[in-house]
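Contents: one structure, followed by commentary.
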Amino acid sequence: MDLGGHDFLHMNKLAIKEHFDSIAESFDKDRSRFGYYHKCVFKIYKTFIPEGQNVLEIGCATGDLLNALNPSRGVGVDLSDGMVNIASNKYPQLHFHVMSAEDLKLNEKFDYVLAANVLDYLEDIGSVLDNLKSMLVTDGKIVITLVNPIWELNFRFWERFYLKTPAPQKNLITNKDMVNLFETNGFEVIKERLGMFFPLNIPIISQVFNFIIPEIPMLRQLCAVQYIVAKPKRSKQALSCSVIIPCYNEKSNIADCLRRIPPMGVFTEAIVVDDGSTDMTSMMVCQDLNNAIRIKLISYQPNQGKGHAVKAGFDSAQGDVLMILDADMTVIPEDLPKFFKLFEEGKADFVNGTRMVYPMEKKAMNPVNYIGNKIFNLMLSWIMEQRVSDTLCGTKAMFKKDYKKIHMNDKSWGDFDLLFGAAKLCLKLREVPIHYKMRIADESKMKVIKHGWPLLMEVCQGMKELKFDKVC
């Protein structure tokens with residue numbers, strides 16, 4: 001009997017539906033036998049999806065993953081009536097629908113769409129991805145996991161011994177295949193990795209292997225789980241800008257700094273945060289310095305550190321894009337449009353200045369600070385899983401909507417909080433080379449001994465959250 005393409009796809013979808021309906025009642029019990037694997041997959045999603053978001057899960061099964069993410073609004077869809085009935089009874093605060101990924105029709109938008117081992121069963125992944133673009137808010141993300149095809153025979157073997165929930169025949173799709181499908185359907189891939197080398201729980205041994213092997217370039221290809229974070233490509237848009245200038249005893253620099261800030265986008269505001277200055281810095285700030293932008297002053301006593309000042313400025317900012325500019329003008333204000341342009345053109349979600357490309361002026365950075373910065377660069381690049389060439393450059397920029405999702409510790413400098421926060425949110429990070437100048441007046445506030453140890457503690461915390469917490 002010769003079946004047309006549409007009839008064949010319909011029969012295949014029907015077979016998948018019947019399979020999952022048949023195992024719905026025993027699904028949770030069967031999956032508990034392979035609980036370590038699912039616990040690790042849950043941790044991957046919880047690493048990339050903050051709590052309190054609007055989340056859609058494709059192929060939600062009995063709803064455990066969606067519930068674990070603690071969304072402000074959670075919607076799950078599944079082809080199986082049996083799975084959806086169980087999910088609805090288990091988690092009445094969430095919303096579940098019987099619906100296939102190919103025929104998805106929901107009149108709402110989401111911050112995140114997730115699909116755990118679902119694309120393995122789809123007949124036309126490209127059309128599903130194209131449909132999902134309309135269901136994401138601006139800069140919303142898709143997070144997916146897939147079984148590494150080289151593990152398929154192992155999993156089939158484990159199904160025979162009831163170590164894994166039975167599954168119908170799957171697509172043998174790799175991360176590289178998915179990257180191609182995302183990019184050809186209007187998405188850009190933010191992160192693409194493999195993890196979980198040992199999906200059975202043998203205390204200590206599993207944890208050690210699952211931490212080490214994914215960090216080794218060749219061996220990581222043997223890991224069981226592939227995961228990708230992607231978002232629709234963003235077109236050019238009109239944006240406003242807030243330039244935050246944290247300062248402490250910058251009386252000699254602040255007026256010239258404000259005069260030189262260029263107007264950017266719909267509007268530009270400069271927010272000077274006087275962090276307990278004792279030299280009348282705040283007296284130098286007035287609107288007449290630069291009528292092309294809006295100037296605002298925040299002043300308080302006593303001095304509480306740069307991180308506190310940056311947080312105060314960010315919290316009061318009105319612009320779409322938030323920038324940090326040091327008042328000492330070691331990074332010149334005229335370079336700010338280079339940062340802003342990347343946001344306008346949809347090329348970045350987080351922009352970091354880097355002083356490590358162009359030659360520095362003599363005495364701009366002392367040798368000890370230079371070496372310390374290089375060490376931190378290597379550590380953060382490994383932890384964040386993307387290259388950062390200058391972690392301590394004071395000029396950084398991000399969207400305010402993303403800043404609101406980051407927990408910023410106001411007791412330190414703020415640089416690492418923002419960088420680690422960007423990594424957790426899988427923001428698209430880009431760097432802008434800047435010409436690093438010697439301070440025009442006064443001396444640097446960065447002290448190696450005083451500030452190096454707190455920064456190292458922040459690195460340890462970032463390592464825990466971005467590396468260790470993903471390991472079961």
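The values are calculated or read from the model by the stated rules, or taken from the named source; none is laboratory data. Just so it is clear, the model here is predicted, and its values are computed rather than measured. Backbone-built Cβ (ideal geometry, glycine too); neighbour counts: all protein chains shown.
All conditions but one from (1) farther than 27 Å from Glu123 by Cβ; (2) in contact with a Pro (Cβ under 6 Å, 6 or more places away or on another chain) apply to Leu219; the one that does not is (2).
Take the conditions surrounded by fewer than 22 Cβ atoms within 10 Å (Cβ to Cβ) and touching a residue at least 12 places away in the same chain (Cβ under 8 Å) and apply them to Gly313. Does it pass?
Against the criterion (surrounded by fewer than 22 Cβ atoms within 10 Å (Cβ to Cβ) and touching a residue at least 12 places away in the same chain (Cβ under 8 Å)), Gly313 does not qualify.
Rundown of residues vs (1) modelled with pLDDT of 70 or more; (2) closer than 21 Å to Lys170 by Cα, yes/no style:
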| site | (1), (2) |
| --- | --- |
| Phe8 | no, yes |
| Asp21 | yes, yes |
| Glu25 | yes, no |
| Tyr36 | yes, no |
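Residues in segment 345-360 that are closer than 19 Å to Val266 by Cα and surrounded by fewer than 18 Cβ atoms within 10 Å (Cβ to Cβ): Glu345, Gly346, Lys347.
For segment 363-378, indicate whether the set of residues that are in contact with a Leu (Cβ under 7 Å, 6 or more places away or on another chain) and in contact (Cβ under 8 Å) with a residue 40 or more places away in the chain is non-empty. Steps first, please.
Here is the first cut: in segment 363-378, the residues in contact with a Leu (Cβ under 7 Å, 6 or more places away or on another chain) are 373, 376.
Retained after the next criterion (residues that are in contact (Cβ under 8 Å) with a residue 40 or more places away in the chain): 376.
Yes, the conditions are met somewhere in segment 363-378.
Any residue that is loosely packed, with under 15 Cβ neighbours inside 10 Å and touching a Lys or Arg at 6+ places or on another chain (Cβ under 9 Å) - is there at least one of those in segment 10-20? No.
If I filter segment 265-275 for residues that are farther than 30 Å from Lys338 by Cα, in contact (Cβ under 8 Å) with a residue 40 or more places away in the chain and not in a helix (DSSP H, G or I), do I get at least one hit? Show your work before the answer.
Step one: of segment 265-275, the residues farther than 30 Å from Lys338 by Cα are none.
Checked against the condition, which is being farther than 30 Å from Lys338 by Cα, in contact (Cβ under 8 Å) with a residue 40 or more places away in the chain and not in a helix (DSSP H, G or I), segment 265-275 yields no hits at all.
Residues in segment 66-92 that are among the hydrophobic types (A, V, I, L, M, F, W, C), within 16 Å of Val55 (Cα to Cα) and not in a helix (DSSP H, G or I): Leu69, Val75, Val77.
Among the listed residues Lys470, Lys437, Lys445, identify the single one that is farther than 30 Å from Leu200 by Cβ, surrounded by 15 or more Cβ atoms within 10 Å (Cβ to Cβ), modelled with pLDDT under 85 and touching a Ser or Thr at 6+ places or on another chain (Cβ under 6 Å). I'd like the intermediate steps shown before the answer.
Values: Lys470 fails: farther than 30 Å from Leu200 by Cβ; Lys445 fails: touching a Ser or Thr at 6+ places or on another chain (Cβ under 6 Å).
Among Lys470, Lys437, Lys445, only Lys437 is farther than 30 Å from Leu200 by Cβ, surrounded by 15 or more Cβ atoms within 10 Å (Cβ to Cβ), modelled with pLDDT under 85 and touching a Ser or Thr at 6+ places or on another chain (Cβ under 6 Å).
On inspection, Lys296 passes the criterion of being assigned by TED's automatic domain parsing to the domain that holds Thr395, surrounded by fewer than 24 Cβ atoms within 10 Å (Cβ to Cβ), over 16 Å from Tyr403 (Cβ atoms) and at pLDDT 95 or above. Among the residues of segment 206-238, those identified as surrounded by fewer than 17 Cβ atoms within 10 Å (Cβ to Cβ) and touching an Asp or Glu at 6+ places or on another chain (Cβ under 6 Å) are Lys233, Lys236. Considering each residue of segment 242-263, count those that are over 11 Å from Asp328 (Cβ atoms) and either in a helix (DSSP H, G or I) or among the charged types (D, E, K, R) (or both), and give that number. Of the residues in segment 242-263, 5 are over 11 Å from Asp328 (Cβ atoms) and either in a helix (DSSP H, G or I) or among the charged types (D, E, K, R) (or both). Remark: pairs (first residue in segment 283-298, part of a strand (DSSP E or B) and among the acidic types (Asp, Glu); second residue at pLDDT below 95 and surrounded by 13 or more Cβ atoms within 10 Å (Cβ to Cβ); Cβ separation under 7 Å; 6+ apart in sequence or on different chains) are absent. Scanning segment 184-205 for residues that are surrounded by 16 or more Cβ atoms within 10 Å (Cβ to Cβ), touching a residue at least 40 places away in the same chain (Cβ under 8 Å) and closer than 29 Å to Arg387 by Cβ gives Asn185, Phe187, Val189, Ile190, Lys191, Arg193, Leu194, Gly195, Met196.
Restricting to segment 226-241, what's the tally of residues that are outside any loop (DSSP other than H, G, I, E, B) and not β-branched (Val, Ile, Thr)? Lay out the reasoning, then the answer.
To start, the set of residues in segment 226-241 that are outside any loop (DSSP other than H, G, I, E, B) comprises 226-232, 241.
Filter once more, so that each one left must be not β-branched (Val, Ile, Thr): 226-227, 230-232, 241.
Result for segment 226-241: 6.
Scanning segment 206-225 for residues that are touching a residue at least 40 places away in the same chain (Cβ under 8 Å), part of a helix (DSSP H, G or I), in contact with a helix residue (DSSP H, G or I) (Cβ under 8 Å, 6 or more places away or on another chain) and closer than 14 Å to Cys40 by Cβ yields Ser206, Asn210, Phe211.
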